[in-house]
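The values are calculated or read from the model by the stated rules, or taken from the named source; none is laboratory data. Small disclaimer: the values here were computed from a predicted structure and weren't measured. When we count neighbours, we look across all protein chains shown, and the Cβ atoms used for this are built from the backbone with ideal geometry, even at glycine.
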Amino acid sequence: MIGSGDQASITRIIDSFAQDNEALFDQLYQIQYYFRGALTRDDIWAMCAVEREKAIDFLNKRFKEVGELIKNRVPVFW
């Protein structure tokens with residue numbers, strides 16, 4: 001694709017890589033923020049895609065549990 005010399009295709013590919021990179025940064029920083037120091041920056045950056053998805057699934061389940069506790073007026077301390 002890049003070897004074709006088609007400037008529009010090359011630009012689309014590079015833009016796609018830039019968007020993927022930005023999404024990865026956002027995901028990594030989100031995980032790091034919500035784990036609140038339980039994992040270091042290096043730990044987060046060393047995760048593979050499957051590990052990141054599992055971490056996000058864990059966080060989403062935890063948010064749901066906490067939301068239910070709050071609805072039932074159960075004190076929740078982070």
field: Filter result for the condition that a residue is surrounded by 11 or more Cβ atoms within 10 Å (Cβ to Cβ), within 17 Å of ASN60 (Cα to Cα) and at pLDDT below 95, over ILE31, ILE13
entry: ILE31
field: Candidates ARG52, ARG73, ARG62, filtered to the one that is without any contact (Cβ under 8 Å) to a residue 12 or more places away in the chain and assigned to a helix (DSSP H, G or I)
entry: ARG62
statement: Per the filter on segment 27-48, residues without any contact (Cβ under 8 Å) to a residue 12 or more places away in the chain, part of a helix (DSSP H, G or I) and not aromatic (Phe, Trp, Tyr) are ARG41, ASP42, ASP43
- line: ARG52 vs (1) under 16 Å from the mean Cα position of the chain (by Cα); (2) exposed (fewer than 12 other Cβ atoms within 10 Å of the Cβ); (3) of a type in the set (Lys, Arg): all pass except (2)
